[in-house]
Amino acid sequence: MGCGTSSDRTNGPYSRPLVECPIPAEELAERGWHKKVVEEGHGDKVKKNARIVLDFQGYLMDPPYTCFAEGEKEIEKAGKGLVRGVNKAVIEMREGETSIISCSSKYGYGTKIMPGIPSESSLIFKLTVKSIVPMKKPVTPKSVD
C-alpha cells in the first residue's frame, strides 16, 4: 500500500510513519545515507546507467513525518536523476528488492525548497526495484558494397 492510503499515513500530527530511519540521526548525518533491505530481491543487480522501474514512497524524517511523494517511476539511468542518497543506494539493489533509504539533508535536497519538503530536511524513502528494463542493442548499419 502507498502512503496515499489510510493504513500507511501517519495517524496524527506527531505519529511515526510506517517506515523509520534504521540508524541514529547522528550517524546518518555523518554518513549521509543508509540502506536497509526489507525484502531481498531475486533478480539481477541494478547496474549504473541501467533503465529501471521503481515503486517509491518518500517521507520527511521529522515531525509530522509527512509522506511527500509516492508512485511508480521509470528511471532512464540508474544512479542519476534522483536525490544523491537514492542514486547511490539504487545501484546496490537487485530486481525485486525493497529497501528503506535514509538520507541526510546533504544527500537529499539540501537547501532547496521542494513542494512539501522544507529546506535542510532529512528524508526516508521506501523503494522497490520492480524491473530492470532491457537495454536496446544498438543497430549497426550494414555496409552496401
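The values are calculated or read from the model by the stated rules, or taken from the named source; none is laboratory data. None of the values given here were measured: they were computed from a predicted structure. Cβ sites come from the backbone with ideal geometry, for glycine too, and all protein chains shown count toward neighbours. Only protein heavy atoms, including side chains, enter the accessible area calculation; ligands, DNA and RNA are left aside. Shrake-Rupley method; radii C 1.70, N 1.55, O 1.52, S 1.80 Å.
Taken over the stretch 46-79, residues that are open to solvent by less than 20 Å² (accessible area, probe 1.4 Å), under 14 Å from GLY108 (Cβ atoms) and small (Gly, Ala, Ser) amount to 1. When LEU82 is tested against (1) out of contact with any strand residue (DSSP E or B) (no Cβ under 6 Å at 6 or more places or on another chain); (2) open to solvent by less than 30 Å² (accessible area, probe 1.4 Å); (3) of a type in the set (A, V, I, L, M), exactly one condition is not met: (2). Residues satisfying the criterion are present in the stretch 54-67 (criterion: touching a Phe, Trp or Tyr at 6+ places or on another chain (Cβ under 7 Å) and under 15 Å from SER131 (Cβ atoms)).
Number of residues in the stretch 61-87 that are on the phi < 0 side of the Ramachandran plot, touching a helix residue (DSSP H, G or I) at 6+ places or on another chain (Cβ under 9 Å) and in a loop (DSSP other than H, G, I, E, B) equals 5. Which of the residues that make up the stretch 88-118 are part of a loop (DSSP other than H, G, I, E, B), hydroxyl-bearing (Ser, Thr, Tyr) and open to solvent by less than 50 Å² (accessible area, probe 1.4 Å)? Correct list: SER104 only.
For the stretch 125-133, indicate whether the set of residues that are in a loop (DSSP other than H, G, I, E, B), closer than 22 Å to LEU28 by Cβ and open to solvent by less than 70 Å² (accessible area, probe 1.4 Å) is non-empty. Within the stretch 125-133, none of the residues are in a loop (DSSP other than H, G, I, E, B), closer than 22 Å to LEU28 by Cβ and open to solvent by less than 70 Å² (accessible area, probe 1.4 Å). I'd like the full set of residues that are without any contact (Cβ under 8 Å) to a residue 12 or more places away in the chain and under 13 Å from the mean Cα position of the chain (by Cα), limited to the stretch 71-121. Residues satisfying the conditions are GLY81, LEU82, ASN87.
With respect to (1) within 26 Å of PRO115 (Cβ to Cβ); (2) in contact (Cβ under 8 Å) with a residue 60 or more places away in the chain, the lone exception for ASP44 is condition (1).
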